[in-house]
Structure formats: structure tokens, C-alpha cells
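Here the structure is laid out as C-alpha cells; the discussion comes afterwards.
The values are calculated or read from the model by the stated rules, or taken from the named source; none is laboratory data. Note that the structure is predicted; figures quoted are calculated from it, not measured. In this analysis, Cβ positions are derived from the backbone assuming ideal geometry, glycine residues included, and neighbour counts consider all displayed protein chains.
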Amino acid sequence: MGNDPKTSVTDAYGREHETLNLFVDDGSLNVTNGGFNPALTIIAMGYRVGGYIANE
């Protein structure tokens, strides 16, 4: 996730830089897990991305 397509695949809301209306909304947005179960982080990202899509 990031603003620069050269260093990231998606923007801050999981939208793929190169393909319009393609959102990534799963565990692959979380590049590293940090040694803990990432389930709540994945749920929070889904909520965030879903809210963004609904508002757009």
C-alpha cells in the first residue's frame, strides 16, 4: 500500500494502481504479520476498504 506505483501495488485504500475499480481486500494487504495473529487487522482493513468503496 502506498502512493507511488513504482514501490507499491495498491493505494491506501487497496485500489490497484494500474487497473480501475480493482480492489485488493484480504490478508495480502498486510505484508508482514509481526509475530501475532493478523485476523483483527485483516477485518479492520476490510471494514476500511469496504467503507471507502461504499462511499465512492
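Observations
- Extreme residue, farthest from Val49 (Cα to Cα), among residues of the stretch 9-35 that are at pLDDT below 80 and of a type outside the set (A, V, I, L, M): Gly35
- Checking each residue in the stretch 29-56 for being exposed (fewer than 10 other Cβ atoms within 10 Å of the Cβ) and closer than 18 Å to Ala12 by Cβ picks out Val31, Thr32, Ala54, Asn55, Glu56.
- Candidates are the residues of the stretch 11-25 that are touching a helix residue (DSSP H, G or I) at 6+ places or on another chain (Cβ under 7 Å) and in a loop (DSSP other than H, G, I, E, B); the one that is surrounded by the most Cβ atoms within 10 Å (Cβ to Cβ) is Gly14.
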